[in-house]
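A.B. asks: One structure coming up, written as structure tokens, with questions to follow.
The values are calculated or read from the model by the stated rules, or taken from the named source; none is laboratory data. Everything quoted here is computed from the prediction, not taken from an experiment. Counting neighbours? That spans all protein chains shown, and the Cβs are built from the backbone with ideal geometry, glycine included. Note: areas computed on protein heavy atoms with side chains; ligands, DNA, RNA excluded. Shrake-Rupley method; radii C 1.70, N 1.55, O 1.52, S 1.80 Å.
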Amino acid sequence: MAGVKLEHVTKRYDDQGEIVTAVDDMNLDIDHGEFICFVGPSGCGKSTTMETIAGLTIPSEGEVYIGDREVTNLPPKDRGIAMVFQNIALFPHMDVYDNISFGLRLRDYPQDEIDRRVERASEIVQLEGMLDRMPDEMSGGQRQRVAIARAIVREPDVFLMDEPLANLDAKLKVHMRTELQRLHKELDTTIIYVTHDQEEAMTLSDRIAVLNSGSLQQIDPPLTCYNEPDNLFVAGFIGSPSMNFVSGTVSENTIETPNFSLAFDPATVEGLGVGDEVTIGIRPEDIYPGELRSEIRDPSSLISARVDILEPMGDEIFAYMLLDESETSMDQEQTTNNQLLMSIEPDSDIREEEDIEVAIDRRNVHIFDSATGEALVHKLEPVDTGAGAAGSEAESDD
Amino acid sequence: MATTTQEPEDSDGPLARWTQGAIQNPERVYRALFYAAMVFFLVTTLFPFYWLAVLAVTPEGNLLAGSFLPTVNLFGVSGTFPLPVPKGFNPAAFVTVFEQVPFHLYMLNSFALAVTTTVIVLFVASLAGYVFGRLRFPGRALLMLGILAISYFPPAAFVIPLFQAFAGNEAITIPFTSIPLFTPPRLLNTPGSMVLPFSALFMPLSIFILTTFYGQIPDGLEDAARVEGTTRLGALFRVIMPLSAPGVATASVLTFIAVYNEYFFSSIMATSPEAAKWSPIVGGILSYQTQYTTQFNLMAAASIVGVLPVVILVIVAQERIVSGLTSGALKE
């Protein structure tokens, strides 16, 4: 039984006289048996955080605990961990058997115990009959499975996986993903998994830790991160395609944005007053074509837009819409305010260059404080419709 | 008209035509140059061996009388044969070599000194190569430069102080004072007095070779080894070193050959050329020379015998050096 705990872990590098903070005051508490994904863009510190857990990097400040032991300064070999590397890192001068049994042989296990464990591990990852091959005779997926077998054969307390699927092709990736889930169920150990692929994180993990610029943004179950992101970064990072952001100003009973307004009662959100700058976040699937407005439980008023580009995905269509046709989507400064992405049914009858009207499901509108990026509310309270909606509709029409 | 191109070559001399041809088709010139260079190197490296062989089989009495370049008479034209040939045939010289002097013991000395030095150099240079090749620390470049600079010092500069130290007669003092530091043990005529300076002298080259090789092993492999249960040192000797086999082979062959052939230090550290005093091969060869006689044929035969192990080593090691091992290490 071993969880992992990070307390105030900070890692600074001296990059030619310039101090770079890779991990900034990280606090994490991971329970035994949890599958945790670290996600974040490149350079957000997720790999460095994992290296501090592995012992490959000693943090500048803070403590690392595995189980009940403080391991901050222990070498990797004494931490009871195993790791799968992004570049697989099999020892090229050893065959599969030697690769898998490397750690066991170093720990002087009796030969029959080694044989038994290697056999069991190779069964789990379906590598039977390949034990005498050399790594360069194997395909990428097979090598990856050897790397995983090498990790599980020692029965570690904690598994660390640093983008283990990053180098596999799309089909193999999906296959290995389900294998990993099966593995997690079978082994019942703590798994910490680094990825920049939020889809992988969503499907695999019990909880997702979203990192940015070396600090933890949110750690929550995947759907919580998706439905109730703590801040703008998480909202934009989790979900593909990402959330629409529109900046606006709070007025007495609406939020005014450059191109439309949304009925809103500032009194329902604590700490928000008239005149505050906010950012509205709307997921593409919470925007509906105008004719479906009656089916939305708490619809916004209609917003007129012009369809700019359609991206048929098969099971859905992404429609990029411009709210103000005088501006182009290429105008980067304006896109966030002017462009909306809507996800619609594949059989929808919408063409490019068409002027349409859309409605937003108010129950799924997120509001963020523009200055801090913190989420203020994830669901707009219903306001008495009629007057408010009609009024905002009129405004949006001009 | 295209069909009736003028042939200006007709009016040119043969040199002009050859030049034209060389410019238009430089490959022929390159090949000719390659063969010329190869023949040059073959002659300069192989002729001495041939000359040794000729000397070795010539009976001692014939060595000084007459010319090694015989006069040949071919179809009435007489001239000097351009290659030296043995005057007589006496292969027994290769046996006499071992009878007159315990030459095998000299060879054993050289071999033992070379192996010991190679092991020490490889071990220490591996540690240094790991540090220089894989760790980042301030002053790394400066330190590396220092090591390389030391390797350019003339070995002769160390001989007198080292001889004094290894003689073990007086205590080493702090420079410019008479404060004694320690009294070194007497090392003259022991392997220690040769292995120590050899290791120091040949270390920089090995460090340099191993630094480049160790630096190229991907970090991921070392990390993997450390997570699997080795220390940094363990990763060096279990993963990094085996993967750098070509570099390790190169460094060890170069060190081995250099020590095996070494004469300058060993002739001084072994106070007389006796096998019991750890005198190496060259000491043995020179002991065929007495105050009054010089047995050139035995010296030549001993030289050939002495060189054979190195020739074999190079032929064997060549394959090792050529074979790379890192293929398939990582998915790029």
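A.B. asks: Select from the range A:162-181 the residues that are more than 12 Å from chain B (Cβ to nearest Cβ) and closer than 19 Å to A:R207 by Cβ and write down the one among them that is nearest to the chain's Cα centre (by Cα).
C.D. replies: The residue in question is A:R177.
A.B. asks: Looking only at the range A:244-272, which residues are open to solvent by less than 40 Å² (accessible area, probe 1.4 Å) and not in a strand (DSSP E or B)? Don't jump to the end; show me each part of the working.
C.D. replies: Our first condition is that a residue be open to solvent by less than 40 Å² (accessible area, probe 1.4 Å); within the range A:244-272, this holds for A:244, A:246, A:248, A:250-251, A:254-255, A:257, A:259-264, A:266, A:269, A:272.
Once the filter is applied, which keeps residues that are open to solvent by less than 40 Å² (accessible area, probe 1.4 Å) and not in a strand (DSSP E or B), the range A:244-272 yields A:S251, A:T257, A:N259, A:F260, A:F264, A:P266, A:V269, A:L272.
A.B. asks: Show me the strands (runs of 3 or more DSSP E) found entirely inside the range A:1-104 where at least 3 residues are closer than 19 Å to A:Q218 by Cβ, of a type outside the set (A, V, I, L, M, F, W, C) and open to solvent by 10 Å² or more (accessible area, probe 1.4 Å).
C.D. replies: Values: elements: A:4-15, A:18-30, A:35-39, A:61-66, A:81-84.
Ranges flagged: A:4-15, A:18-30.
A.B. asks: In the range A:188-202, what residues are free of Cβ contacts under 8 Å to residues at least 40 places away in the same chain and either more than 10 Å from the chain's Cα centre (by Cα) or surrounded by 21 or more Cβ atoms within 10 Å (Cβ to Cβ) (or both)? Reasoning before the result, please.
C.D. replies: Going through the range A:188-202, the residues free of Cβ contacts under 8 Å to residues at least 40 places away in the same chain turn out to be A:202.
None; the set is empty.
A.B. asks: Could I ask something else about it? Need pairs with beta-carbon distance below 7 Å; first residue facing another protein chain (nearest Cβ under 7 Å) and surrounded by fewer than 24 Cβ atoms within 10 Å (Cβ to Cβ) and within the range B:226-241, second of a type in the set (A, V, I, L, M, F, W, C) and part of a helix (DSSP H, G or I); sequence gap 6+ or separate chains.
C.D. replies: Close Cβ pairs (under 7 Å, with a partner that is of a type in the set (A, V, I, L, M, F, W, C) and part of a helix (DSSP H, G or I)) amount to B:R226/B:A235; B:G229/A:L106; B:T230/A:L106.
A.B. asks: Going through A:R107, A:R154 one at a time, which residue ends up being out of contact with any strand residue (DSSP E or B) (no Cβ under 6 Å at 6 or more places or on another chain), within 14 Å of another protein chain (Cβ to nearest Cβ) and within 21 Å of A:L56 (Cα to Cα)?
C.D. replies: Details: A:R154 fails: out of contact with any strand residue (DSSP E or B) (no Cβ under 6 Å at 6 or more places or on another chain).
On inspection, the qualifying residue turns out to be A:R107.
A.B. asks: Can you tell me how many residues in the range A:132-142 are within 11 Å of another protein chain (Cβ to nearest Cβ) and open to solvent by 40 Å² or more (accessible area, probe 1.4 Å)?
C.D. replies: Selection size over the range A:132-142: 5.
A.B. asks: State yes or no: is A:G129 more than 23 Å from the chain's Cα centre (by Cα) and not in a helix (DSSP H, G or I)? Spell out the reasoning first.
C.D. replies: Working: more than 23 Å from the chain's Cα centre (by Cα): yes; not in a helix (DSSP H, G or I): yes.
Yes, satisfied.
A.B. asks: Restricting attention to the range B:204-222, and to residues there that are within 23 Å of the chain's Cα centre (by Cα), within 26 Å of A:K77 (Cβ to Cβ) and not hydroxyl-bearing (S, T, Y), which single residue is farthest from the other protein chains (Cβ to nearest Cβ)?
C.D. replies: Among residues in the range B:204-222 that are within 23 Å of the chain's Cα centre (by Cα), within 26 Å of A:K77 (Cβ to Cβ) and not hydroxyl-bearing (S, T, Y), the one farthest from the other protein chains (Cβ to nearest Cβ) is B:L210.
A.B. asks: Is it the case, given these coordinates, that A:P241 is open to solvent by less than 50 Å² (accessible area, probe 1.4 Å) and either in a helix (DSSP H, G or I) or touching a Phe, Trp or Tyr at 6+ places or on another chain (Cβ under 7 Å) (or both)?
C.D. replies: Details: open to solvent by less than 50 Å² (accessible area, probe 1.4 Å): yes; either in a helix (DSSP H, G or I) or touching a Phe, Trp or Tyr at 6+ places or on another chain (Cβ under 7 Å) (or both): yes.
Answer is yes for this residue.
A.B. asks: Here is a follow-up. Has the range B:114-128 got at least one residue that is open to solvent by 50 Å² or more (accessible area, probe 1.4 Å), part of a loop (DSSP other than H, G, I, E, B) and farther than 30 Å from B:E60 by Cα?
C.D. replies: Filtering the range B:114-128 for residues open to solvent by 50 Å² or more (accessible area, probe 1.4 Å) gives B:115-116, B:119-120, B:123-124, B:127.
So of that shortlist, the ones also part of a loop (DSSP other than H, G, I, E, B) come out as none.
Within the range B:114-128, not a single residue is open to solvent by 50 Å² or more (accessible area, probe 1.4 Å), part of a loop (DSSP other than H, G, I, E, B) and farther than 30 Å from B:E60 by Cα.
A.B. asks: Something else: Suppose we filter the range B:76-91 for residues that are over 10 Å from B:T58 (Cα atoms) and either within 29 Å of the chain's Cα centre (by Cα) or modelled with pLDDT of 85 or more (or both); how many remain? Break it down stepwise before answering.
C.D. replies: Taking the range B:76-91 and keeping what is over 10 Å from B:T58 (Cα atoms), we get B:76-84.
Now narrow it down to the ones that are either within 29 Å of the chain's Cα centre (by Cα) or modelled with pLDDT of 85 or more (or both): B:83-84.
Within the range B:76-91, residues that are over 10 Å from B:T58 (Cα atoms) and either within 29 Å of the chain's Cα centre (by Cα) or modelled with pLDDT of 85 or more (or both) number 2.
A.B. asks: Let me ask something else about it. Hey, any hits in the range A:118-128 for a residue that's touching a strand residue (DSSP E or B) at 6+ places or on another chain (Cβ under 9 Å), among the hydrophobic types (A, V, I, L, M, F, W, C), modelled with pLDDT of 90 or more and within 18 Å of B:G229 (Cα to Cα)?
C.D. replies: Taking the range A:118-128 as the starting set, the residues that turn out to be touching a strand residue (DSSP E or B) at 6+ places or on another chain (Cβ under 9 Å) are none.
No, the conditions are met nowhere in the range A:118-128.
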